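Asks: Sharing a structure below in structure tokens format, with a few things to ask.
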Amino acid sequence: MSTLKTEAGTIVVPRRPLAKALALVCKAVPRRNAIPIYGNVVLLARDGILTVQSADPDREISVAVPCGDGSLCTTVEARPLARLLRVIWSDPVTLEATRTAEMQPRSYRGGPPHAPAEMVEVIVTTLRVSGGLVSADLPGELAEGAPANFTEDAMAPPAWRATLGREAMDAIQRCRGSASHEETRYYLNGVYFHGGPEGFQFAATDGHRLTACRVPLPDASGAEPPGIILPHEGIRLAMSIWRGKAVEMEINPRRTKVRLRGAGDGVTLSFKVIDGTFPAYEKVVPTKIDRHLKVRRADLIGAIDVATSMYFGASRDKSLALKIEVSGDALAVSTAHGDVAGKASAAVVCESDIPSWVFGINGRYLRGLLSNLQGAEFVILQCGADTVIERDGKTKIEQPGPIVIVSPEVPGVRNLLMTMRL
């Protein structure tokens, strides 16, 4: 239940900070929603601070804006108010919330025809925005009907807290590209965060590729958090607000919600984590590596682009299967099969510790993982022993194990990609 209470009042607010705050809050406001109040913004003024917060409990953005003396509490539709503040040229603006009781006919179905309508008392709220010679009245709703944005659980001391620096934010962004978008395995639709003997790690996978990043969090405090899955939408909002900046991360006592705070900008983002169990991804990482291949990252990306340029139609949108053949100090990338306009191949110089090595790979996935290692000049491809698969108790097929892609220039980042049988 919400702890808010509708309160009439008048405050004066600088227009530009308020418009900027509403632009941020509107990022968390759904454009299409089954619950109308989720499209609203909560305005709460206390002690010279106006808190502007979205009303959707699954993803909440809260921004603190300095304002004049006075207090008010109301909710109005977010996007009309944001559009209005973009076109008003006066600075500052005055917000006046009113609460009146009106007699309105009760709306219901049934009853005898032409029966007189029953009149009931209804509380009506209005927010007047004025600046200079401009004024506009926006219909509001009772703040008591807003979801539990200001509940005691949301304000409780966090069970775990740490500062995510630029390195940690970059790690989340790297992992995000390997996360799944399928609804059937919903627990893969995000980035997994957990602690362990090697420190804190972020990881994401879609069953075909995996990215895991180890990051130091020296100021972490509280009980070691269990594994939580950060959803795509929460990561998208965080990156749109603080990409490349440090934020403070908190996990609530129930381990169901994450709160991020900016450093001195007055912005707070809260969102629910995915309720599910992330698979034990460490079990698929090869422990015994017997093949190493070192190649320049930009050269390999260029060779992949040449080979995948032959694909079109359905194959262009799906696998982009490539054949990679290593012979001595040369690595050849060629079109494998599928709906292709022709055959294309490109060779680059590499350093390998084995004389020959042939395997199939998904070109789209490989290029994406190489992009994860942005800033590295060289990448190292590692692979364990071939996996022997028996078919019908007779046929034996040797298939290379997963490829591990790392770079000494980007420590702590591991990429894993399953090979394809040609």
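Asks: Which residue is modelled with the lowest pLDDT, if the candidates are limited to region 375-422 and must be under 21 Å from ARG209 (Cα atoms) and of a type in the set (Gly, Ala, Ser)?
Replies: Step by step, filter region 375-422, then rank; the result is ALA385.
Asks: Which residue, of ILE235, ILE241, ILE251, ILE274, is farther than 19 Å from PHE202 by Cα and either hydrophobic (A, V, I, L, M, F, W, C) or surrounded by 19 or more Cβ atoms within 10 Å (Cβ to Cβ) (or both)?
Replies: Criteria check complete, one pass: ILE241.
Asks: Answer with yes or no whether VAL306 is at pLDDT 90 or above, over 30 Å from the mean Cα position of the chain (by Cα) and under 12 Å from ASN362 (Cα atoms).
Replies: So VAL306 fails the test.
Asks: Continuing with the same structure: Filter region 259-280 down to residues that are within 21 Å of GLN53 (Cβ to Cβ), touching a strand residue (DSSP E or B) at 6+ places or on another chain (Cβ under 6 Å) and of a type in the set (A, V, I, L, M, F, W, C), then give me how many there are.
Replies: Total satisfying the criteria: 5.
Asks: Now a separate question. Within 23 Å of LEU260 (Cβ to Cβ) and in the same structural domain as VAL124 (by TED's automatic domain parsing): does that describe ASP47?
Replies: no
Asks: What single numbered condition from (1) surrounded by 12 or more Cβ atoms within 10 Å (Cβ to Cβ); (2) closer than 29 Å to ASP170 by Cβ fails to hold for GLY375?
Replies: GLY375 satisfies every listed condition except (1).
Asks: Of all residues in region 412-422, count the ones that are within 15 Å of ASP206 (Cα to Cα) and in a loop (DSSP other than H, G, I, E, B).
Replies: 2
Asks: Hydrophobic (A, V, I, L, M, F, W, C), touching a residue at least 60 places away in the same chain (Cβ under 8 Å) and out of contact with any Asp or Glu (no Cβ under 8 Å at 6 or more places or on another chain) - does that describe any residue in region 34-42?
Replies: The answer is yes; a qualifying residue exists.
Asks: Is there any pair linking a residue in region 132-143 that is without any contact (Cβ under 8 Å) to a residue 12 or more places away in the chain and of a type in the set (Asp, Glu) to one that is surrounded by 13 or more Cβ atoms within 10 Å (Cβ to Cβ) and not in a loop (DSSP other than H, G, I, E, B), with Cβ under 6 Å and at least six apart or on different chains, and which?
Replies: ASP137/THR126; ASP137/ARG128
Asks: Let me ask something else. Within region 163-174, is even one residue surrounded by 14 or more Cβ atoms within 10 Å (Cβ to Cβ), more than 16 Å from the chain's Cα centre (by Cα) and not charged (D, E, K, R)?
Replies: Checked against the condition, which is being surrounded by 14 or more Cβ atoms within 10 Å (Cβ to Cβ), more than 16 Å from the chain's Cα centre (by Cα) and not charged (D, E, K, R), region 163-174 yields at least one hit.
Asks: Of ARG259, ARG291, ARG297, which residue is closer than 30 Å to PRO17 by Cα, in contact (Cβ under 8 Å) with a residue 12 or more places away in the chain, basic (Lys, Arg) and crowded, with 19+ Cβ neighbours inside 10 Å?
Replies: Answer to the selection: ARG259.
Asks: Within region 253-303, take every residue that is among the acidic types (Asp, Glu) and assigned to a helix (DSSP H, G or I) and give me the one that is farthest from GLY328 (Cα to Cα).
Replies: Once the filter is applied, the top-ranked residue is GLU282.
The values are calculated or read from the model by the stated rules, or taken from the named source; none is laboratory data. What you see is a predicted model; the values in this text were computed from it and never measured. Glycine also receives a Cβ, built like all others from the backbone with ideal geometry; neighbour counts cover every protein chain displayed.
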